Amino acid sequence: MKKITTLLIAFTVVFIFSACNGNENDNTIINLTTEQNTLQANEQNTEPTTTTTELTVWGMTCGRCENKIVNALSALDEVVNISVNLNTDTVTVEHAPNLDVTIIESVITREGFNIP
């Protein structure tokens, strides 16, 4: 009889422990899902992280001109990506929304190029 009681107690302890662990995992899953939903909601309500500005730039004739513009604009912390197309006379700049376009224009003109 003593063995049966000991087994029942052991079984009960294991069962309770398993049930408690199961609840903790369920709460973790619920918490993670809530956090993910909150993150998704926040992402949808935030402003864009970058803005793209395309400028017509005159005076670019070669790869050296391209490099000159890319290097000058790369010095701005808010600039993420720069694309220069000599054939279409365009410079496309992906940058933080708080960067004023006039700053981009002044950097380009300071390098000796014209913006119509």
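For segment 53-79, the set of residues classified as surrounded by 11 or more Cβ atoms within 10 Å (Cβ to Cβ), without any contact (Cβ under 8 Å) to a residue 40 or more places away in the chain and not small (Gly, Ala, Ser) consists of GLU54, GLU66, ASN67, VAL70, ASN71, LEU73, LEU76, GLU78, VAL79, listed by residue number. Could you tell me which residue of segment 78-116 is nearest to THR61 (Cα to Cα), considering only residues that are assigned to a loop (DSSP other than H, G, I, E, B) and of a type in the set (S, T, N, Q)? Applying the filter and picking the extreme gives ASN87.
Screening THR46 against (1) surrounded by 10 or more Cβ atoms within 10 Å (Cβ to Cβ); (2) among the β-branched types (Val, Ile, Thr); (3) at pLDDT below 95 leaves a single unmet condition, (1). In segment 9-19 there is no residue that is open to solvent by 60 Å² or more (accessible area, probe 1.4 Å) and modelled with pLDDT of 95 or more. Being surrounded by 14 or more Cβ atoms within 10 Å (Cβ to Cβ), over 30 Å from the mean Cα position of the chain (by Cα) and farther than 18 Å from THR49 by Cβ is a condition met by no residue of segment 86-108.
The values are calculated or read from the model by the stated rules, or taken from the named source; none is laboratory data. Computed from a prediction, not measured in an experiment: that's the story for all the values here. Cβ atoms come from the backbone with ideal geometry, glycine included; neighbour counts cover every protein chain shown. Only protein heavy atoms, including side chains, enter the accessible area calculation; ligands, DNA and RNA are left aside. Shrake-Rupley method; radii C 1.70, N 1.55, O 1.52, S 1.80 Å.
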